[in-house]
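The values are calculated or read from the model by the stated rules, or taken from the named source; none is laboratory data. As the structure is a prediction and not an experimental result, all values here were calculated from the model. Cβ coordinates were reconstructed from backbone atoms using ideal geometry, including for glycine residues, and neighbour counts include every protein chain displayed. The accessibility values were calculated without ligands, DNA or RNA, using every heavy atom of the protein model including side chains. Shrake-Rupley method; radii C 1.70, N 1.55, O 1.52, S 1.80 Å.
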2 protein chains.
Amino acid sequence: MSVAGNADGAPGGGVAPIDLIGEAGRQWDTHWGDDAVPAMLATTSIMRAQQILMARLNEILDGFDLTFPRYEALMLLYLSSRGSLPLGKIGERLQVHRTSVTNLVDGLERSGYVERVPHDSDRRMMLAVVTPAGRSVAGEATRALNAAQFATAPLTKADLETMTALLRTLRADADGFPPG
Amino acid sequence: MSVAGNADGAPGGGVAPIDLIGEAGRQWDTHWGDDAVPAMLATTSIMRAQQILMARLNEILDGFDLTFPRYEALMLLYLSSRGSLPLGKIGERLQVHRTSVTNLVDGLERSGYVERVPHDSDRRMMLAVVTPAGRSVAGEATRALNAAQFATAPLTKADLETMTALLRTLRADADGFPPG
């Protein structure tokens, strides 16, 4: 997912892959000057990194009948003190819309990892509850992801810590928690 | 989009937002040790950063009847030497599936920014061609994104350059271009 660059000499059969984002940076500079180039490069690099990581994580998780977004929802339940959460709370936590939560929980329910049950004191509120099979797969999938260093190769521990610290500044600004 | 953490004390009405990813890191350490914590934090931070940036960019682009993925496809055409590309090439460049390219080009066509025309020498091959309205909005939208530093506030130029360099290592590994 690159905002362009050198669009005619695209890598095809036998052509060596090139750094499309770097190439876009050179085109940007030519057309609009260098003022926004570092921001354009960083934003499009994050978009592409997300694509790369999502594809790798989904491949690891495929053997567990999970996708990474479903894994995230499952882990929320697994790590909660009661093993259950209201659907609305899951959406808040994952910062996704209600329809996405419905889809995630539907997927987990089809795999037998989660059940929907009405809340004890408010029967109109639906809870997602992790099942024993869900608990078991959450542990196994986590061990697989940990062993694969969450698909971050070839980044080093120092690289990862630098990245997390930089992105924490962005997250704090957007999500409203203290940056310090 | 955080893999969990402190799921019962979620930020609700009036509760101060917390760093959910940092909290997940502490839970990870408790359950599985610290070996994969830097990788988990970096991966989930990139996922969340992508969500934040995409929402901000889409907001900026909404006034231009564009989304960021459509903007990327439009810029590919805008920066190509002929102002047109085969649909397959667009998919290669954006590294998305054919159905996604169809949706992107459909959206751009509905806005009047792109037209589909058969290729001169091979009438079975469809080209996407940028229209004069598409050229005009590509320039305007780019100026707006450049002025907004591609939604990267509050990151500094040095932060952005560090991020791009780190992610280039990941991209080179995944996309097969030389890391150097």
Q) Taking the alpha-carbon centroid of each part, what is the distance from the range B:126-175 to the range A:159-180 in angstrom? A) 21 Å
Q | Copies compared at B:ARG26 - label distances in nm, ascending, label defined 7 Å from Cα in the Cβ direction | A | 4.8
Q | With all protein chains modelled, accessible area of A:SER80 [1.4 Å, Å²] | A | 10 Å²
Q) In debye to the nearest 20, how big a dipole does the range A:28-99 give about its Cα centre with +1 on each Lys and Arg Cβ and -1 on each Asp and Glu Cβ? A) 520 debye
Q) Once you charge only the Cβ atoms, +1 for Lys and Arg and -1 for Asp and Glu, what is the size of the charge dipole of the range A:95-180 about its Cα centre, to the nearest 20 debye? A) 100 debye
Q) Which whole-number value in Å² is the accessible area per residue of the protein assembly as shown, probe 1.4 Å? A) 44 Å²
Q: Nearest to the axis that maps chain A onto chain B: list the chain A residue whose Cβ wins, with the distance in whole angstrom.
A: A:GLN50, 2
Q) Hey, what's the per residue convex hull volume over the C-alpha atoms of chain B, in cubic angstrom? A) 185 Å³
Q | Area hidden from solvent between A and B (accessible, protein heavy atoms only, 1.4 Å, total, Å²) | A | 8100 Å²
Q: Before rounding to the nearest 500, sum -39500 (n - 2.57) across all DSSP H runs of length at least 4 in chain B and divide by the residue total; then give [θ] at 222 nm in deg cm²/dmol.
A: -19500 deg cm²/dmol
Q. Taking the Cα atoms of the range A:9-113, what is the range of coordinates along each of the three principal axes, in descending order and whole Å?
A. 56, 35, 22
Q | Per-q log10 I(q)/I(0), the range B:67-154, q = 0.16 Å⁻¹ (Debye; single scatterer per alpha-carbon; no solvent) | A | -0.60
Q: With no solvent and one equal point scatterer per Cα, compute the Debye intensity ratio I(q)/I(0) for the protein assembly as shown at 0.08, 0.14, 0.15 Å⁻¹ and report its log10, rounded to two decimals.
A: -0.43, -1.19, -1.30
Q) Averaged across the residues of B:89-96, what count of C-beta atoms belonging to other chains lies within 10 Å of each residue's C-beta? A) 5
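Express the carbon and sulfur contribution to the solvent-accessible surface of chain A as a percent, rounded to the nearest whole number, probe 1.4 angstrom. List each step's numbers first, then the result.
Details: 4060 of 7850 Å².
Of all accessible area on chain A, carbon and sulfur atoms account for 52 percent.
Net charge within 13 Å of B:THR67 by Cβ-Cβ distance, Lys/Arg positive one each and Asp/Glu negative one each, not counting B:THR67 itself? Let's see the in-between values first.
On the way: positive: B:ARG56, B:ARG70, B:ARG110; negative: B:GLU59, B:ASP62, B:ASP65, B:GLU72, B:ASP106.
Combined, the nearby Lys, Arg, Asp and Glu give -2.
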Q. Which residue, chosen from A:GLN51, A:VAL117, A:GLY107, occupies the Cα position most advanced towards the positive end of the dipole of the range A:17-131, where the dipole is computed from +1 (Lys, Arg) and -1 (Asp, Glu) charges on Cβ about the Cα centre?
A. A:VAL117
**Q.** Residue-by-residue Karplus 3J(HN,Hα) for the range B:93-104, coefficients 6.51, -1.76, 1.60, Hz, glycine and proline x
**A.** 5, 8, 6, 10, 6, 4, 5, 5, 4, 4, 5, 4
Q: Between copies, how far apart are the A:ASP173 label points? List them in nm, one decimal, shortest first, with each point 7 Å from Cα toward Cβ, please?
A: 2.7
Q. By a straight-distance test (C-alpha under 14 Å), which aspartates and glutamates pair with B:LYS89 as possible cross-link partners, with residues fewer than eight away in the same chain excluded?
A. A:ASP8, B:GLU72
Q: Only Lys, Arg, Asp and Glu count, each charged at its Cβ (+1, +1, -1, -1), so figure out the dipole size of chain A about its Cα centre, rounded to 20 debye.
A: 780 debye
**Q.** With DNA, RNA and ligands ignored, accessible area of B:TRP32 (1.4 Å probe; Å², nearest 10)
**A.** 60 Å²
